1. Could you check how many residues of region 96-134 are out of contact with any helix residue (DSSP H, G or I) (no Cβ under 9 Å at 6 or more places or on another chain) and either in contact (Cβ under 8 Å) with a residue 60 or more places away in the chain or farther than 20 Å from ALA68 by Cα (or both)?
2. Suppose we keep only residues that are surrounded by fewer than 16 Cβ atoms within 10 Å (Cβ to Cβ) and small (Gly, Ala, Ser) within region 117-129. Which one would you say is nearest to VAL150 (Cα to Cα)?
3. Going through ALA128, ALA107 one at a time, which residue ends up being under 23 Å from GLY62 (Cα atoms) and not acidic (Asp, Glu)?
4. Of the residues that sit in region 34-53 and are within 29 Å of ALA79 (Cα to Cα) and crowded, with 17+ Cβ neighbours inside 10 Å, which one is modelled with the highest pLDDT?
5. Say whether the condition of being free of Cβ contacts under 8 Å to residues at least 12 places away in the same chain, not in a helix (DSSP H, G or I) and not aliphatic (A, V, I, L, M) is met by at least one residue in region 157-167.
6. If HIS106 satisfies all but one of (1) surrounded by 17 or more Cβ atoms within 10 Å (Cβ to Cβ); (2) under 24 Å from ALA28 (Cβ atoms); (3) at pLDDT 95 or above, what's the number of the condition it fails?
7. Say we look at region 1-33 and pick out the residues that are among the polar types (S, T, N, Q) and at pLDDT below 95; which of these is nearest to the chain's Cα centre (by Cα)?
Amino acid sequence: MARNHSTALPIAYVTLRILILLNWLGGAAVLVLLTATIVAEEWTMTALGISPSSGIPQILTGLRIVAALGLVAVPLNYAVLRRLLAIVETVRRGDPFVAANAYRLHAIAWALLALQLLSLVIGGIGEAISTPTQPVHLDAGFSASGWLAVILSFVLARIFAEGTLMREDLNGTV
């Protein structure tokens, strides 16, 4: 039986490879920024638009912690992207309902949960260091769609596990 091969899988494969590269480049940029806050503190604060009278020690410490937490997000993102890439590979081979994909989806769900918790912490730090004279706006905090993705990933992991068992049972009866 001929399968209808859509362009979605090659596009997903290339997109995931690009996102993996961008994840590492973004992590390198955050590391450079964190290093700059230590090596060239005054220049970095000026470049970030933080005035000397706005409580630099509190803001600087908070931003350094946020940058460090951003570095923690890089391997978590990589874990998600690599597992998604492996799942795409099994779909390309025409065999997506394998136990490995159930485990991959379960690991993705845990990584997404960790990323959501990390986002809450980063958002809290942003709120704590923000002042009326020097507001700090971080794209972090609670995300309904992020939490939905976590739940969906755990559910899909279970569906894949059940699908794998059903397929194994079916193969055993034929």
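The values are calculated or read from the model by the stated rules, or taken from the named source; none is laboratory data. Bear in mind that the values here come from a model prediction, so they are computed numbers and not experimental data. Here the Cβ is made from the backbone with ideal geometry for all residues, glycine too, and neighbour counts use every protein chain on show.
1. Going residue by residue through region 96-134, those that are out of contact with any helix residue (DSSP H, G or I) (no Cβ under 9 Å at 6 or more places or on another chain) are 117, 120, 123-124, 127, 132.
If we keep only those that are either in contact (Cβ under 8 Å) with a residue 60 or more places away in the chain or farther than 20 Å from ALA68 by Cα (or both) too, we end up with 132.
Number satisfying all stated conditions: 1.
2. Filtering region 117-129 for residues that are surrounded by fewer than 16 Cβ atoms within 10 Å (Cβ to Cβ) and small (Gly, Ala, Ser), the one nearest to VAL150 (Cα to Cα) comes out as GLY124.
3. Working: ALA107 fails: under 23 Å from GLY62 (Cα atoms).
Within the list ALA128, ALA107, the selection yields ALA128.
4. LEU34
5. no
6. It is condition (2) that HIS106 fails.
7. So in region 1-33, the residues among the polar types (S, T, N, Q) come out as 4, 6-7, 15, 23.
If we keep only those that are at pLDDT below 95 too, we end up with 4, 6-7.
Working: ASN4: 31, SER6: 27, THR7: 25 Å.
Taking the candidates together, the pick is THR7.
Residues are listed down the side, and each one gets a yes or a no for (1) closer than 24 Å to ILE20 by Cα; (2) modelled with pLDDT under 95; (3) exposed (fewer than 13 other Cβ atoms within 10 Å of the Cβ); (4) of a type in the set (S, T, N, Q):
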{"position": "ILE65", "(1), (2), (3), (4)": "yes, yes, no, no"}
{"position": "ALA79", "(1), (2), (3), (4)": "yes, no, no, no"}
{"position": "LEU84", "(1), (2), (3), (4)": "yes, no, no, no"}
{"position": "GLY94", "(1), (2), (3), (4)": "yes, yes, yes, no"}
{"position": "LEU115", "(1), (2), (3), (4)": "yes, no, no, no"}
{"position": "PHE142", "(1), (2), (3), (4)": "no, yes, yes, no"}
{"position": "GLY172", "(1), (2), (3), (4)": "no, yes, yes, no"}
